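Quick note: the coordinates plus some simple rules give every number you see, no bench work behind them. As the structure is a computational prediction, the values presented were derived from the model and not from experiment. Counting neighbours? That spans all protein chains shown, and the Cβs are built from the backbone with ideal geometry, glycine included.
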Amino acid sequence: MKETNIDWSSLPFGYVKTDYNVRCTFKNGEWGEIVVTDSEEITMHMAATCLHYGQEAFEGLKAFRGKDGKIRVFRTEENGKRLQDSARGIMMEPIPLDLFKKMVLMAVKLNERFVPPYGSGASLYIRPFEIGTSARVGVKPADEYTFIILVTPVGPYFKNGFKPTNFAIMREFDRVAPKGTGRIKVGGNYAASLVAGEKAHDLGFSGVLYLDSKEKKYLDECGAANFFAIKDNTYITPYSESILPSITNKSLTQIAEDLGMKVERRPIEVEELATFEEAGACGTAAVCTPIGEIVDLDNDIKYTLSKDGNPGEMTTKLYTHLRGIQDGEIEDIHGWCDFVE
Ligand code: PLP
Ligand code: COI
């Protein structure tokens, strides 16, 4: 296998060209053959629904090279199911789970030389996405869809990696509507978050901690990651109809239980931030990142969640356990990893 000349330990979270991507199209009521290509381009009709009416949904999952040299993909099936939910939420054709899984494993195998080595801190990010390609001028769903999986090696999403990072509360922006598309992973949600996200970055924050759009009373999520907090040996995470059901959060919830912690999924009022011992942002890209400070910019209130500038004890335990399963160091008792043969 040809070597890459990538410096794995200093990789940012960005796009690096890999060897191949895999594609499949839905036409005349059925999914076609899987196509492997080295092209980074897509050609489509200029009136395609993905371009005009936002018929696009995506996923994000990761492959890791383990201590034993084997490549593990984390929670393929959960990501496949969520992509189906996203597709249904914007009237696109759901991708059959077996096709999704086959294409994920294929995309990783074909780009095996880009799976970062064990211990480098980097991983292979897998980005499956589906787009509506039929030409429409009236607002109507397409009847032709393209599903593509690209992979790219990535480093940490937040620039300091596993170090406390800061978030801002800004009530002037909503990411999603109360009963809108927040629960699914569609491109439009991210377009709607760009202005607030860039403003937070300009002010020196990693991102926005969104409040519920209806009352601005409860915590929703941290940009492209879910929020969790720790108090009295309890893992607490928001219940909300407008957040993405994070698969990392679901995994951490299970790990917390396995480690003997209590778990609460419930509405969390903003003011409760003052009572938490630790907090974090979790997601495939974010992994399990400790939160240092949350600043409520509208009320000039600072919530300090890391007293000494270091990750808290429980956040570290959760992070280490999650990464241990992904790297094959801790037994995968729930069967979360798929192997790339
Ligand atoms: N919330 C949003 C808005 C996201 O984009 C993501 C990333 O996928 C997450 C949460 C975390 O979800 P997951 O852990 O499934 O990657
Ligand atoms: C992920 O964590 O997979 C995401 O999709 C986050 C972001 C890069 C959009």
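Here the extension length gained between T4 and H45 equals 11.2 nm, from 0.36 nm per residue of separation less the Cα-Cα distance.
Residues considered: T284, T37, T304. Largest GNM mean-square fluctuation over the chain, using C-alpha springs under 10 Å, is found at T37.
Please give the length that would be gained between E341 and I301 if that part of the chain were fully extended, namely 0.36 nm times their separation in residues minus their C-alpha to C-alpha distance (nm, one decimal). Numbers along the way, then the final one.
Working: separation 40, 0.36 × 40 = 14.40 nm, distance 5.16 nm.
That pair, E341 and I301, stretches by 9.2 nm at full extension.
The relative contact order of segment 164-299 comes to 31 percent, based on Cα pairs under 8 Å that sit 6 or more residues apart. Normalised by residue number, the volume inside the convex hull of the Cα atoms of the chain is 138 Å³ per residue. If only the Cβ of Lys and Arg carry +1 and only the Cβ of Asp and Glu carry -1, the dipole of the chain around its Cα centre is close to 360 debye.
Do you know the relative contact order of segment 8-154, to the nearest whole percent, from alpha carbon pairs under 8 angstrom that are 6+ apart? Could the numbers behind the result be given before it?
Values: 300 pairs, mean separation 54.6, N = 147.
This gives 37 percent for segment 8-154.
Rounded to the nearest 20 Debye, what is the dipole magnitude of segment 277-341 about its Cα centre when Lys and Arg each give +1 and Asp and Glu each give -1 at the C-beta?
Values: 4 positive and 14 negative charges, 28 e Å.
Roughly 140 debye, rounded to the nearest 20.
Given the Cα-Cα distance of N160 and N310 and 0.36 nm per residue of separation, how much length would full extension add, in nm?
Details: separation 150, 0.36 × 150 = 54.00 nm, distance 1.18 nm.
That works out to 52.8 nm of additional length.
Straight-line cross-link partners of K109 among the lysines, defined as a Cα under 30 Å from its Cα and at least 8 positions apart when in the same chain: K2, K17, K27, K62, K67, K70, K81, K101, K159, K185, K250.
For the chain, the residue among G54, G309, A281 whose Cα projects farthest onto the positive side of the dipole built from Cβ charges is G54. Annotation: for a label point projected 7 angstrom from Cα along Cα→Cβ of K214, residues of segment 240-276 with backbone N closer than 20 Å are 240-246, 265-272.
Based on a Kirkwood Rh over C-alpha pairs, give the Stokes-Einstein translational diffusion coefficient of segment 165-326 at 4 °C and viscosity 1.567 mPa s in µm²/s.
On the way: Rh = 15.6 Å.
The Stokes-Einstein estimate is 83 µm²/s.
For the residues H321, H45, H201, a GNM of the chain with alpha-carbon springs under 10 Å puts the largest fluctuation on H45. Placing pseudo-labels 7 Å out from each Cα toward the beta carbon at R171 and D332 gives an inter-label distance of 4.6 nm.
If you keep only loop residues by DSSP, which trypsin sites (Lys or Arg not before Pro) in segment 131-224 have at most 16 other Cβ atoms within 10 Å of their Cβ?
Taking segment 131-224 and a limit of 16 other Cβ atoms within 10 Å, the loop trypsin sites (Lys or Arg not before Pro) found are K159, R171, K179, K214, K216, K217.
Take the Cα of L99, step 7 Å toward its Cβ, do the same at R113, and the gap between the two points is 3.1 nm.
Across S240, S39, S213, mean-square fluctuation computed from a Gaussian network of the chain (C-alpha pairs under 10 Å connected) peaks at S39.
Charging the Cβ of each Asp and Glu at -1 and of each Lys and Arg at +1, and nothing else, the dipole of segment 165-326 about its Cα centre rounds to 560 debye.
Within segment 1-59, the GluC sites (Glu not before Pro) that combine a DSSP coil assignment with at most 15 other C-beta atoms in a 10 angstrom radius are E3, E33, E40, E41.
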